[in-house]
Amino acid sequence: MRRTIVILLSLVLLLGVMQPSFAAGLYLEEQYAHLADENGLVIVDNRLILCMSPEDWSKERPADIDIVIPDGVTAIGDEAFMWQGKIRSIRIPETVTSIGAMAFYCCGGLKEIDIPASVIHMGPEDDKYNLSDVFYMCDSMERINVDPGNTVYRDIDGVLFRKDGTELLVFPPGRTGEYAIPEGVSRIEENAFNNCGLSSLTVPEGVTVLDGLSMCNELKSLTLPGSLTKIEDYGIYECPYLSDIYYAGTQAEWNRIEKGSTLPDLSKVTIHYGSAPAQPAAPASEPAPAPSAGQFVDVPAGSWYADAVKWAFDNGVTDGVDASHFGPDRTVTRGQAVTFLWRAMGCPEPEGSENPFEDVAADMYYYKPVLWAVEKGITDGTDAAHFAPSRTCSTAHIITFLYRTLGIGEDGWYEKAAAWAEENGLLSDTGFVTAPGVNCPRAAVVTFLYRELD
């Protein structure tokens, strides 16, 4: 696989100058066209084997295709969505148990994806570890979300790990800035950081073998632990702007580390022994003040959601994802959605205390909101024993939840709620429509609430 990434990159460059019909022919779309459903999905024996290319493949067309894989599909085959750069979201049902090699290869429009609890294998069938090619060249992907009920995988802040949290499997290629691998991680998967946009990476103590840093074209700073004993071939590869390595050990210990043949020219890199990057000085006395809505650097003044964010923050509906970011583009989960609604309605106490859901613990922030929402008929579980709090919501979900919360009219799935929202201008100027396949971000949710409740 290490050399494969180089071959694959060459193939990407080659296909980039060819007509799309070449790629379409390469993956035998003509042979499968008669089997495709109305959404262009080819499903054979409950296995999704191909997603047909859109007729309009032009560079000018944005990523605007939302895919909803039907319930009952049990597997997403190898290369099923390969080269589908116009797809912006894919909803995977709870029936899927496996996702094949290169399944989402070069899906450049995907910003995040949700892995349900049912998935027990991703990647090549003969390799339980190598998952990087599943999301290879998904250049916009910032989060890989995993349902907490999954027994094989988990995510920590949108980064894919083995369930026990000791193995980092895939870092979302579209995420930028700085990242510190959590303490307790002992293994980094081959190609885990392939093609990532990070400028700085910190590897924790306990990691003995460095692997996975290939073609990280923005990486400038790398912090390595004293526990390191080996840097694999392609462990640090094609990181042309790497300028500083901060190594916790001594120079003698650094020299004893076994280093792969593809290590970059270290004459161009400053190695800082026994040190870490300088950190800003901590405040001498008072702790930093609590953030305010105006401090969110990702909420531009005058944006369609700026007033709604301020309202939501001021009224305790939600705060930022950190002190300076609201995360307006992050898709809202079911647990978050009912919590926003519950807080907007004044945090009413649930009438009962019975909790039928195995995945809703009493110490979770959404515990009372979930009980309240189910009591009020706003939503129910995905089955009798599960609420799936980390499953993401579409605009259809959010508008329907709000419609039911307010008890405005006759219930249904989303059609009546969508008509009501359209009539009342809830989605005006947002760029969103009410549909099951359209992920609903934080900015849109607080805007819908603000326009109806303020």
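What follows is calculated from the coordinates using simple rules that are stated; it is not laboratory data. Treat the numbers as computed from the prediction; the structure is a model and nothing was measured. Reconstructed Cβ throughout: ideal geometry from the backbone, glycine too, with neighbour counts over all protein chains shown.
Below are the figures for this structure:
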item	result
Using θ = phi - 60° and Karplus 6.51 cos²θ - 1.76 cosθ + 1.60, couplings along region 420-433 (whole Hz; Gly, Pro as x)	4, 5, 5, 5, 9, x, 5, 9, 4, 6, 8, x, 9, 10
Hits among aspartates and glutamates - C-alpha to C-alpha of Lys259 under 14 Å, sequence gap 8 or more where chains match	Asp211, Glu232, Asp233
Cα shape, region 97-190, gyration tensor, a/c 1.5 rule	rounded
Residue-wise HN-Hα coupling along region 167-181, computed from phi with Karplus coefficients 6.51, -1.76, 1.60 (Hz; x: Gly, Pro)	10, 8, 9, 9, 9, x, x, x, 7, 10, x, 10, 8, 10, 4
Electrostatic dipole magnitude of region 142-237 [Cβ: Lys, Arg +1; Asp, Glu -1; Cα centre; debye, to 20]	40
Cα gyration tensor, region 175-276 - rounded (a/c under 1.5), prolate or oblate	rounded
Whole-number percent relative contact order across the chain, with pairs defined as alpha carbons under 8 Å at least 6 apart	8
FRET E, pair Asp45, Ala419, Förster distance 35 Å, beta-carbon r, rounded to 0.05	0.35
Shape call, the chain: gyration tensor on alpha carbons, a/c limit 1.5	oblate
Relative packing of peptides 337-346, 355-364 - highest average C-beta neighbours within 10 Å first	337-346, 355-364
Ordering of 378-384, 440-446, 263-269 by burial proxy (mean other Cβ atoms within 10 Å per residue, highest first)	440-446, 378-384, 263-269
Dipole magnitude of the chain about its Cα centre (Cβ charges: Lys, Arg +1; Asp, Glu -1), debye to nearest 20	900
Per-residue [θ]222 nm for the chain (sum of -39500 (n - 2.57) over DSSP H runs n ≥ 4, rounded to 500)	-6000 deg cm²/dmol
For region 371-386, Karplus couplings with θ = phi - 60° (6.51, -1.76, 1.60), whole Hz, Gly/Pro x	4, 4, 4, 5, 4, 7, x, 6, 7, 9, x, 6, 7, 5, 10, 9
Burial order of peptide ranges 184-196, 224-236 (average beta-carbon count within 10 Å, highest first)	184-196, 224-236
